Amino acid sequence: SQLDAAPTGGRRAILVQFNADAGYILGVDAGRTHLTIIATNLASDIVARHSGPFDAARGPDVCLPELVRELRAFTAREGIAWDHIIGVGLGIPGPMDARLRKLISPPRMPGWDGVDIRQILRRELNVPIYLDNDANMGALGESRFGAKLNGKIFDWLSIDARRDRQMPSGEDWDKGSP
């Protein structure tokens, strides 16, 4: 976007323009059976997206190196230089220790208990990593870019391992809704 500065005296005004493509942030949803990656520019515009299978049951020793390869391949395919990546946000299923940022006995994810995912990815990718439970990340995204933008209050429900639903306040939501 562009910022116009009208002259009001003093130093001559200059035109300032924000370069939204000066850097990119990767958003990752690493589920038990799927992997979704998005790239956003600094204006939060989604510039690229990829989804595919991911089998978290194979454990972190297999899945984390695979995730690193997928992130690097995704940016290369999309023509985004890795030195323009300023951070990665990762949502992953299972209960998270809020202080240590580690999964605690995640169901149907053998071997992931207590693994320092953030530290491993930070070391391999050399960028800041923001890690949280996938339901928390969904609610964070919705609060920043979804229903709340229209002044609505919302509730985020995470229902079983395969279905997440948003429920804006004031709307009906049947128990039997898909």
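The values are calculated or read from the model by the stated rules, or taken from the named source; none is laboratory data. The model shown is predicted, which means the values in this text are computed figures rather than measured ones. In this analysis, Cβ positions are derived from the backbone assuming ideal geometry, glycine residues included, and neighbour counts consider all displayed protein chains. When the accessible area is computed, the model is the full protein with side chains, heavy atoms only, and any ligands, DNA or RNA have been set aside. Shrake-Rupley method; radii C 1.70, N 1.55, O 1.52, S 1.80 Å.
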Filtered residues of the range 82-110 (kept if assigned to a loop (DSSP other than H, G, I, E, B) and touching a Leu at 6+ places or on another chain (Cβ under 6 Å)): Gly94, Arg101
Residues that are open to solvent by less than 70 Å² (accessible area, probe 1.4 Å), over 20 Å from Thr33 (Cβ atoms) and part of a helix (DSSP H, G or I), drawn from the range 53-81: Thr75
Odd one out for Val88, checked against (1) at negative phi; (2) surrounded by fewer than 13 Cβ atoms within 10 Å (Cβ to Cβ): (2)
Condition check for Leu35: at pLDDT 95 or above, assigned to a strand (DSSP E or B) and either touching a Ser or Thr at 6+ places or on another chain (Cβ under 7 Å) or closer than 19 Å to Asp134 by Cα (or both): yes
Those residues of the range 91-113 which are in contact with a Ser or Thr (Cβ under 9 Å, 6 or more places away or on another chain), open to solvent by 40 Å² or more (accessible area, probe 1.4 Å) and of a type outside the set (Asp, Glu), in sequence order: Pro95
